Amino acid sequence: MTSTRLSADQYLLNLSGLLAIALSAWICIPWAPVSGSVLYGLFTTAFLIQSFAEALAVPRRVAQLCVLSMLLLSFGALYTFGDTIVLVLAVVIMASAPHHFSVRASWIMMGVASVVYALILHLTTPSLANHLYGFLTLLALQAFALTSSLAKVREIDTQQALLRSNSELRAARAVMARQSKAEERLRIAGDLHDSIGHRLTALQLQLEVLNHEVPETNRTQVQSCKELARDLLEEVRAIVRSMSQEKGDDLREAIAELQTLTPGVTLQTDTDLPDFGPELAHQLVFCIQEAVSNAIRHGNASTIKIRWSAPCLLISDDGSGLGKRNGEGFGLNNINKRLAPFSGSASLSGDAEAGCTLTLALPQVTAA
């Protein structure tokens, strides 16, 4: 599951960025106290917002704007002070960009930034040698910071994908285990009906024949045996009906499995879930997993409620709401593809600040 808490190495990375910014500010601000304080103050604020964007539930677009603001502020600082120490800010920016932009966008940003830095250095540095030295150093440092951050982002994505796949597989295993139990229960019910039930029926017929052949003094005992055989047959039939009609809890068990794999969030399940069947329940596990992940990642939710309101399965959270998202994306499209074979569909609704509800419409499912 995706967590909004930063790891120790992420805290160290952010601390290193702050130290680099502080070093550059300590050298440059004395030259222009007012403009320097404003530039570095704004740069530091933007850096902190994008660094803790996930923990603060800051929308992705806001975090991207912070990175772009840092880039523009670094241009202003380099032009204002004309000191290559300002290029430390470029390294900080390139280390931050991959966490909010795609790989391609990050490399394009580095290329554009390098060209602008080169032009500013050309204007502010009279010596061509110093100009080339500063530009090449900048290029190397930016490339190093960018590739290091890209490697870290890929590592985080891989870890999250593995954790997600593991939780999905374990939850799906709960569905399969429940289905195996149901199949075994039906097999036993069939054996009882075909074997013991038929034998008891035959016993009743034999006792009926015997009742007409035995002396009058023994008919009371034969009649008692007939009633006992009839009672036993009714009990067997009742057991078979109960085992055949027992409501499956496969999805509930899978949700319980997801709960154990989702620390920090509570999953509340409706007591009246219908029997979805093994195939649909298997797909619903992945749909619920997607909903839980997004509720934590985008809404910072702590409680998620799963309830049935025929013909819909409703998954509600107490997160921060939709914000500026329109509810459309890869996750929702993926859920719709999973439900399509069952004539189902999914939609996301909610306020801007009050949590979201994922509605899974399942018209083919009977009420609980």
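The rows are residues; the columns are (1) modelled with pLDDT under 75; (2) farther than 12 Å from ALA90 by Cα; (3) among the aliphatic types (A, V, I, L, M); (4) touching a strand residue (DSSP E or B) at 6+ places or on another chain (Cβ under 8 Å).
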| position | (1), (2), (3), (4) |
| --- | --- |
| ARG104 | no, yes, no, no |
| SER114 | no, no, no, no |
| LEU119 | no, yes, yes, no |
| THR125 | yes, yes, no, no |
| ASN130 | yes, yes, no, no |
| THR137 | yes, no, no, no |
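Applying the set (1) free of Cβ contacts under 8 Å to residues at least 12 places away in the same chain; (2) within 30 Å of ALA295 (Cα to Cα) to MET70 leaves exactly one unmet item: (1). Against the definition (farther than 30 Å from VAL112 by Cα and either assigned by TED's automatic domain parsing to the domain that holds VAL86 or modelled with pLDDT of 75 or more (or both)), how does GLU184 come out, yes or no? The answer is no for GLU184. Would you please name the residue that is surrounded by the most Cβ atoms within 10 Å (Cβ to Cβ), looking only at residues in the range 256-275 that are outside any loop (DSSP other than H, G, I, E, B) and modelled with pLDDT under 80? Per the criteria, the residue is LEU258. Checked against (1) modelled with pLDDT under 85; (2) in contact with a Gly (Cβ under 6 Å, 6 or more places away or on another chain), GLY17 meets all criteria but (2). Taking the condition surrounded by fewer than 16 Cβ atoms within 10 Å (Cβ to Cβ), closer than 19 Å to ALA145 by Cα, touching a helix residue (DSSP H, G or I) at 6+ places or on another chain (Cβ under 9 Å) and modelled with pLDDT of 85 or more, does VAL91 pass? For VAL91, the condition - surrounded by fewer than 16 Cβ atoms within 10 Å (Cβ to Cβ), closer than 19 Å to ALA145 by Cα, touching a helix residue (DSSP H, G or I) at 6+ places or on another chain (Cβ under 9 Å) and modelled with pLDDT of 85 or more - is not met. When the residues of the range 86-125 are narrowed to those that are of a type in the set (Gly, Ala, Ser) and farther than 26 Å from PRO59 by Cβ, which ends up farthest from the chain's Cα centre (by Cα)? Per the stated criteria, the residue is ALA118. Which pairs do you get when a residue that is touching a residue at least 40 places away in the same chain (Cβ under 8 Å) and on the phi < 0 side of the Ramachandran plot, found in the range 275-295, comes within reach of a residue that is acidic (Asp, Glu) and in a helix (DSSP H, G or I), reach meaning Cβ atoms under 7 angstrom, with the pair 6+ apart or on two chains? Hits for this filter: PRO278/ASP250; ALA281/ASP250; VAL285/GLU168; PHE286/GLU168; GLN289/GLU168.
The values are calculated or read from the model by the stated rules, or taken from the named source; none is laboratory data. The structure presented is a predicted model; accordingly, all values stated were derived computationally and were not measured. Glycine also receives a Cβ, built like all others from the backbone with ideal geometry; neighbour counts cover every protein chain displayed.
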